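Working notes, structure below.
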Amino acid sequence: MADFVQKTVVKSAVRKLAAPIENVAAFNTIIQSVITDNPFACSAYESAGVNHAPVEKTREAYVAKIAYQNNDANVVGTDSAKFTTIAGFNAGATALLSNTDLATAHGGTAVRDTPKETYSATLKCHDAGGEIYMVTFTRESVSITSYSDDAIRTRVETWADSVAALA
């Protein structure tokens, strides 16, 4: 009977942040800096006849949180909405805050609950050595997945060490 023979070693690593990223603007600044500045020294590539940038955003999600407070500042209700863009997130949060019908239904005044909001973005990176790996940012962590070369983790970790919000 034939045995399965391991062909690759795919790894993942996670960095838990000491404090959540402050707000969506700070989060976006980090993501855009990776795409624009390419601190991991990724390279452009072609796959199935399609040209790809060295770093591409493949997924993002932003969740706005609203709390409804009564006159004693007690939370009497909550709402949340998930958006796939920052523009949608900001517009949606504004719409939720200004929706008087929702506030009336909850029996309170709408306030933004930013500490409970969540953000995430996944970047697909093409290493100069040929590997494609993912770097996923959330408000509370950074993870690297689908890599095998430890030099990739080292590059991402070295860069993350230089970004105060990712401590």
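Taking a quarter of the surface of the convex hull around the Cα atoms of the chain, what do you get in nm²? Mind showing how you got there, number by number?
Values: hull surface 57.6 nm².
Averaging across all directions leaves 14.4 nm² for the Cα convex hull.
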State, to one decimal in nm, how far the label point of V10 lies from the label point of T118, with both points 7 Å from Cα in the Cβ direction.
2.3
Square roots of five times the C-alpha gyration tensor eigenvalues of region 61-116, ordered largest first and given in whole Å, equal 21, 11, 7
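Read the figures in this text as sums done on the coordinates, not as results from a lab. Just so it is clear, the model here is predicted, and its values are computed rather than measured. Neighbour counts run over all protein chains shown; Cβ positions are idealised from the backbone, glycine included.
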